[in-house]
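Remarks on the structure that follows.
Every number in this text was worked out from the coordinates using simple rules, so none of it is lab data. Given the structure is predicted, the values throughout are model-derived calculations rather than measurements. Don't worry about glycine lacking a Cβ; one is built from the backbone with ideal geometry, like all the others, and counts go over all protein chains shown.
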Amino acid sequence: MSEEVKEISFDELGLTKTLEKMTAKELRTLCVKKLPMITGASGKDKDQLVQEIKAIFGIVEEEQVSPYKKQIAEIKQQIRTMRTEKLAMEDNAKRDRIRRQINKLKKRTRQLAKAV
């Protein structure tokens, strides 16, 4: 009995998220069910599995630089200065107002990072 290894394209895998966002458990399951050419998947960690899957499909890693990187850095610098101001504050009401502003800025940086 000879088993034929069926060629499968990356689109046929039916992934709902990127390889980097998948958990190690999800990657192992994917390898066992759909990619039998990857052997020993159960003993490999996430990074090894991602690299092997990319190698099989010829995916070249591209460095993605966020278009919002400069804006995020500026907001983080603003947060750092606000934190030092907050520590020096005596008035609880003003300190609380700065804390809320910092939280809004942190949410903004997360939104920008996710927008890529």
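Of note:
- Projected label points at T23 and R110, each 7 Å from Cα along the beta carbon direction, are separated by 2.0 nanometres.
- Equivalent ellipsoid semi-axes - Cα gyration tensor, the range 69-114, angstrom: 23, 11, 4
- Stokes-Einstein, applied to the Kirkwood radius of the chain over Cα pairs at a viscosity of 1.002 mPa s and 20 °C, places its translational diffusion at 118 µm² s⁻¹.
- For the range 69-114, lysine pairs with C-alpha atoms less than 22 angstrom apart, excluding pairs fewer than eight positions apart on the same chain, total 23.
- Extension gain for the segment K46 to Q77, taken as residue separation times 0.36 nm less the Cα-Cα distance, is 7.8 nm to one decimal.
- Average projection area in nm² (convex hull over Cα atoms of the range 10-57, one quarter of hull surface): 2.9 nm²
- Residue-span extension gain [E90 to S66] - 0.36 nm each, minus C-alpha spacing: 4.8 nm
- Mean separation of Cα contacts under 8 Å (6+ apart) over length of the chain, as relative contact order %: 21 percent
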